[in-house]
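For reference, the structure is listed below as structure tokens.
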Ligand SMILES: [Zn+2]
């Protein structure tokens, strides 16, 4: 009897103990947001946040980030070249081109002796369009995992990951290798498409979205100024400037622009208008609803990359009416997207970060007009000219394979088989290019560490040195100089105008505030990994930005 009672007591005790443990686990259990949204603005300067601050609306996206979220004010891209594909890869891998392998939008592969586009994959086919070239895409050239891959692994593939953008690279690289889907825009059909890497047929909901031809209704809206005349006068140069591009077949570069003439055709024109952002946001919302993102037991991840700011920025530049108008509208588009997420996923249930794949330089024409140092160089013409001179000196055609990402690639098979002196060729190229107006220094990449240079620059070049995909001689341009023509502008260099990007956080688990400490694009994935209590991507070199967390 005594023994029986003791047994009963011990059972009760074990039961109570188990209950306490379960309660404790529930109290201290790991919590996560239902959905993470990663927004990359293709081409956004950090200073737009404050330059346009008074234009942004309290109900828009940017003020919600700045006033209720966390801003890392001094975030830099820790490598060159600052191009779209490398930027998207860096944000989501926490790594740099020397490790993740995405050297730029394209590069020359020294092993296969061929030009490579970042998302090229000849083993897969287009899904959702007859445009074969637009669909032969996958993330296979990216050598590391992404934070989105790590979420899939950590949840035993229960987390859903979807990437979407007008640009293929803006959808494919962020979504990673193990994504459920990546969708991008086909300029021929006006459809969002995918590839057989992900699926064999578009989901029903995407087919329905495509059949609405939202692009045509957006063309009907034309592009008229959305702000009062005085606002443009306050923030911008005159609307019609000779150094602005004219992408809509007009004789001036002044708003308004007639877009209705493109209805039913020219589906690529949407890129260079703010309506491109609307189109993408509508497709992203449809993805959230139809795929039930944020509704499962595991955290889901949606990556959204807005491509239109890049097209508009390249054409008109940071001081144009068009760019201000685009950002005022983008602010509203993002604000409405947040309202949508509150309504579908739930207030306080989702986390978002916003950054840029790169920023942009002022238009060289604008700089010169204002007596500021700037200029252009034509790297295609430069390679051609140097090949002519090298032929006279060394007796062989095409000694230079090409210039990609401000790096001169030598034709090694030719140099070796013709027994040419590579050292002499390299020395001539370094001497010649080093004296060009646009160039501050040029050096053989194999001698990077021995070349006298600012240590920060050295680190950024080293971060993108991968012998199988890198060139032989690096050209470093003077500040304000770029590869370009008489109109528009570009990005791609180490300078703050290209490498200083916004980094904003908002929502579940995010503290209100800001830091002026230096942070890097590579820190984003490390920070998301810490927020989600999952492993960081397998090539990550970034650090957790602790200040971001509540
Ligand atoms: Zn660009």
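The values are calculated or read from the model by the stated rules, or taken from the named source; none is laboratory data. Please read these numbers as outputs of a predicted model, since none were measured by experiment. Cβ atoms come from the backbone with ideal geometry, glycine included; neighbour counts cover every protein chain shown.
Listed by first and then second residue, the pairs linking a residue in the range 245-271 that is in the same structural domain as residue 319 (by TED's automatic domain parsing) to a residue that is loosely packed, with under 13 Cβ neighbours inside 10 Å and modelled with pLDDT of 95 or more, with Cβ atoms under 6 Å apart and 6 or more places separating them unless they lie on different chains, are 256/224; 260/220. Filtering 29, 15 for residues that are surrounded by fewer than 23 Cβ atoms within 10 Å (Cβ to Cβ), modelled with pLDDT under 95 and closer than 23 Å to residue 536 by Cβ leaves a single hit, 29. Checking each residue of the range 186-208 against the condition of being in contact with a strand residue (DSSP E or B) (Cβ under 7 Å, 6 or more places away or on another chain) and part of a helix (DSSP H, G or I) gives at least one match. Could you look through the range 477-509, keep only residues that are away from the ligand (no atom under 16 Å from the Cβ) and surrounded by fewer than 22 Cβ atoms within 10 Å (Cβ to Cβ), and pick out the one that is nearest to the chain's Cα centre (by Cα)? Checked the range 477-509; the qualifying residue nearest to the chain's Cα centre (by Cα) is 496.
So which residues in the range 52-96 are within 16 Å of the ligand (Cβ to nearest atom) and closer than 16 Å to residue 40 by Cα, if there are any at all? Scanning the range 52-96 gives 77, 82, 83, 84, 85, 86, 87, 88, 89, 90, 91. Looking only at residues of the range 377-394 that are touching a helix residue (DSSP H, G or I) at 6+ places or on another chain (Cβ under 9 Å) and crowded, with 19+ Cβ neighbours inside 10 Å, we find that the one that is nearest to residue 77 (Cα to Cα) is 382. Here residue 397 clears all of (1) assigned to a loop (DSSP other than H, G, I, E, B); (2) surrounded by 20 or more Cβ atoms within 10 Å (Cβ to Cβ); (3) away from the ligand (no atom under 16 Å from the Cβ) except the condition numbered (2). If I filter the range 433-449 down to residues being over 29 Å from the mean Cα position of the chain (by Cα) and more than 17 Å from residue 471 (Cα to Cα), which single residue comes out as surrounded by the most Cβ atoms within 10 Å (Cβ to Cβ)? The qualifying residue surrounded by the most Cβ atoms within 10 Å (Cβ to Cβ) is 436. Taking the range 497-550 as the range and being under 14 Å from residue 351 (Cβ atoms) and assigned to a strand (DSSP E or B) as the test, the residues that pass are 503, 504, 505, 506, 507, 510, 549.
Yes/no per residue for (1) touching a residue at least 24 places away in the same chain (Cβ under 8 Å); (2) closer than 30 Å to residue 460 by Cβ:
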residue	(1), (2)
70	yes, yes
81	yes, yes
102	yes, yes
107	yes, yes
114	no, yes
117	no, yes
127	yes, no
139	yes, yes
160	yes, no
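A quick yes/no check of all residues on (1) closer than 21 Å to residue 352 by Cβ; (2) in the same structural domain as residue 352 (by TED's automatic domain parsing); (3) surrounded by fewer than 24 Cβ atoms within 10 Å (Cβ to Cβ):
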site	(1), (2), (3)
283	yes, yes, yes
289	yes, yes, yes
294	yes, yes, yes
306	yes, yes, no
311	no, yes, yes
314	no, yes, yes
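Of all the listed residues (237, 224), the sole one being in contact with a helix residue (DSSP H, G or I) (Cβ under 7 Å, 6 or more places away or on another chain) and either modelled with pLDDT of 95 or more or within 16 Å of the ligand (Cβ to nearest atom) (or both) is 237. If I filter the range 369-386 down to residues being in a loop (DSSP other than H, G, I, E, B) and out of contact with any strand residue (DSSP E or B) (no Cβ under 9 Å at 6 or more places or on another chain), which single residue comes out as nearest to residue 425 (Cα to Cα)? Filtering first and then ranking leaves 372.
With respect to residue 174, is the statement that it is surrounded by 24 or more Cβ atoms within 10 Å (Cβ to Cβ) and not in a loop (DSSP other than H, G, I, E, B) true? Taking the combined requirement at face value, the residue satisfies it. For the range 400-417, what are the residues that are surrounded by fewer than 13 Cβ atoms within 10 Å (Cβ to Cβ) and without any contact (Cβ under 8 Å) to a residue 60 or more places away in the chain? Answer for the range 400-417, where residues must be surrounded by fewer than 13 Cβ atoms within 10 Å (Cβ to Cβ) and without any contact (Cβ under 8 Å) to a residue 60 or more places away in the chain: 416, 417.
Scoring residue 408 on the criteria (1) away from the ligand (no atom under 16 Å from the Cβ); (2) within 28 Å of the chain's Cα centre (by Cα); (3) outside any strand (DSSP E or B) leaves a single failure, condition (3). Suppose the filter is assigned by TED's automatic domain parsing to the domain that holds residue 470 and either modelled with pLDDT of 95 or more or assigned to a strand (DSSP E or B) (or both); does residue 389 pass it? Here the answer is yes, as residue 389 does meet what is asked. Among the conditions (1) more than 18 Å from residue 443 (Cα to Cα); (2) at pLDDT 95 or above, residue 458 misses just one, which is (1). Checking every residue in the range 451-469 against the condition of being in a loop (DSSP other than H, G, I, E, B), surrounded by 19 or more Cβ atoms within 10 Å (Cβ to Cβ) and touching a strand residue (DSSP E or B) at 6+ places or on another chain (Cβ under 6 Å) gives at least one match.
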